[in-house]
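Undergrad: Once you've had a glance at the structure underneath, I'll fire off some questions.
The values are calculated or read from the model by the stated rules, or taken from the named source; none is laboratory data. Quick caveat, the model's predicted, so the values are computed rather than measured. Because the Cβ atoms are built from the backbone with ideal geometry, glycine has one as well, and the counts that use them run over all protein chains shown. To get the accessible areas, we keep the full protein, side chains included, count just its heavy atoms, and leave off ligands, DNA and RNA. Shrake-Rupley method; radii C 1.70, N 1.55, O 1.52, S 1.80 Å.
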Amino acid sequence: MGIDLQLARVKTLLSKLDFSPKFKAVHIAGTNGKGSVSSYVSHALTAQGIRNGRLNSPHLLYKWDSVQINDRAVSEGDFAAAEGHVREIDRQDNINCTEFELLTCTALKMFNERGVRVAVLETGLGGRLDATNVLSAAGTLCTAITKIGLDHEHLLGSTFEKIAYEKAGIIKEGVPCVVDGSNESSVLRTIEEIAGKKGSEYLPVSDSPTQKFDCLGACLGDFRTNLPGEYQQMNLSVALGILNVLSRTFPVRKDAIERGIRNTRWPGRLQKLDLKLRLGTVPVLLDGAHNSQAAEQLSKYLGTSRSTGITFIIAMTSGKDASGLLQSLIKPQDTVIFTRFTEPVDGMPWIESYSPEELSTKSRLNVKSTIEPNLEAALSTAQHIQKPIVICGSLYLVAEVLRLHLRNGGVQTW
């Protein structure tokens, strides 16, 4: 089953599983940044010794690594056993849950069974009708909304306000909501209005070093992240806002947060990698930029001084705005290799890659370009161009690069 946003099926399945949460939740929505934010929060909780679970979407390498306990992926065997039970109940009762709904129920079941005290949940898509939006206000300590951009317009709406409305659907009665204050003013107005109607604290944060977090006795400038990109200061601020709220319930100390932030890794986001190939290694920059907002941030990171040009290896999910993503990223001196990621994506049968030919046409770029049928062919071509290599356009492509690296004996550094 593909994407079908509603909550009835997942609620039915959880009731058949006799699920009653034994943990408290942090719920995070947004277009960009929610993965980094969730990782900062979970690493801080782990450093503090608070047993936590994290659900991210999409997974990095394999379906089971989207479910983490204390920042370690659950084992394939344990995941398969839990998922198998969930699927059997779904089949027996003819509920017909989507793959993401099955994943969500599997994660919640595992968090209960593993004695998690705090579960950090990242929405899959949207918020209001996302499968993760099934926990009650009483079971939720904090919600958060990261940077909102135009993405999945066919499902969420074609304006910032409509998308903000869907994302803000995770806000719960009386539960504080931390918000990326750099969002468009129309986005902030929409979120604040919904928070007001639900009697929820509206807590916008900034990326100013003087941004205060009173319960932590700290400012944003007191912390340092190892994740590259200027935008990570904003993501870190949202994470600290969440931890500031959590510290009302759990003892979260500043020194533990500092350790957790230093330990945070988030692969596929401005990740430098000496990619192991069958015949040697090649340095690459990996970035999962999959919408225009993320592409602008990648371009900013690469800088304005790119006189020798860059070789981009690009694959994108079918239906994405290829031209909108690439126009701000690609410069006249660059070379583009259009390719595709391997299908089907495990656990996401609705995901399809643009063919390289279609992606080339839709990108409408006037630069030197070529088409290759797969990642390995694209890498072979890129090595002969003698320019720095950037691989981007999809997290599914990034995942394929990392799996290739490990298959060839590369060291896992993330």
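Undergrad: Restricting to segment 281-318, give me the number of residues that are closer than 20 Å to G149 by Cα and in a helix (DSSP H, G or I).
TA: Residues flagged as closer than 20 Å to G149 by Cα and in a helix (DSSP H, G or I) within segment 281-318 amount to 10.
Undergrad: When you scan segment 49-56, do you find a residue that is in a helix (DSSP H, G or I) and either out of contact with any Asp or Glu (no Cβ under 9 Å at 6 or more places or on another chain) or of a type in the set (V, I, T) (or both), even just one?
TA: No, there is no match, as no residue in segment 49-56 is in a helix (DSSP H, G or I) and either out of contact with any Asp or Glu (no Cβ under 9 Å at 6 or more places or on another chain) or of a type in the set (V, I, T) (or both).
Undergrad: How many residues does segment 248-280 hold that are surrounded by fewer than 21 Cβ atoms within 10 Å (Cβ to Cβ) and assigned to a loop (DSSP other than H, G, I, E, B)?
TA: Summing the residues that are surrounded by fewer than 21 Cβ atoms within 10 Å (Cβ to Cβ) and assigned to a loop (DSSP other than H, G, I, E, B) in segment 248-280 gives 9.
Undergrad: Residues being of a type outside the set (V, I, T) and assigned to a helix (DSSP H, G or I): count how many of those fall in segment 371-397.
TA: Of the residues in that region, 11 qualify.
Undergrad: Continuing with the same structure: So, in segment 195-247, exactly how many residues are open to solvent by less than 30 Å² (accessible area, probe 1.4 Å) and within 20 Å of G30 (Cα to Cα)?
TA: Total satisfying the criteria: 19.
Undergrad: Within segment 119-140, restricting attention to residues that are in contact with a helix residue (DSSP H, G or I) (Cβ under 6 Å, 6 or more places away or on another chain) and of a type in the set (A, V, I, L, M, F, W, C), which residue is most open to solvent (accessible area, probe 1.4 Å)?
TA: That would be V134.
Undergrad: Still on this structure, please answer the following. Within segment 166-187, which residues are more than 22 Å from the chain's Cα centre (by Cα) and under 16 Å from I242 (Cβ atoms)?
TA: Result: V175, single match.
Undergrad: Hey, can you tell me all the residues within segment 37-59 that are surrounded by fewer than 24 Cβ atoms within 10 Å (Cβ to Cβ) and small (G, A, S)?
TA: Residues satisfying the conditions are A47, G49, S57.
Undergrad: Now for a different question. For segment 306-324, how many residues are at positive phi and either open to solvent by 10 Å² or more (accessible area, probe 1.4 Å) or among the β-branched types (V, I, T) (or both)?
TA: Qualifying residue count for the region: 1.
Undergrad: At pLDDT 95 or above, open to solvent by 70 Å² or more (accessible area, probe 1.4 Å) and in a helix (DSSP H, G or I): does that describe E400?
TA: No, not satisfied.
Undergrad: State the number of residues belonging to segment 1-38 that are among the polar types (S, T, N, Q), touching a Ser or Thr at 6+ places or on another chain (Cβ under 9 Å) and under 23 Å from E99 (Cα atoms).
TA: Residues that pass the stated criteria total 2.
Undergrad: While we're looking at this one, here's another question. Considering only segment 72-101, state which residues are open to solvent by 30 Å² or more (accessible area, probe 1.4 Å), touching a residue at least 60 places away in the same chain (Cβ under 8 Å) and in a loop (DSSP other than H, G, I, E, B).
TA: Within segment 72-101, D93, N96 meet the criteria.
Undergrad: Please go through (1) open to solvent by less than 40 Å² (accessible area, probe 1.4 Å); (2) closer than 19 Å to R269 by Cα for Y62 and return the number of the only condition it doesn't satisfy.
TA: Failed condition: (1).
Undergrad: State the number of residues belonging to segment 337-356 that are under 26 Å from V282 (Cα atoms) and open to solvent by 40 Å² or more (accessible area, probe 1.4 Å).
TA: 3
Undergrad: Among (1) at pLDDT 95 or above; (2) open to solvent by 20 Å² or more (accessible area, probe 1.4 Å), where does L286 come up short?
TA: (2)
Undergrad: Which condition number in (1) within 19 Å of the chain's Cα centre (by Cα); (2) open to solvent by 70 Å² or more (accessible area, probe 1.4 Å) is the one that Q327 fails?
TA: (1)
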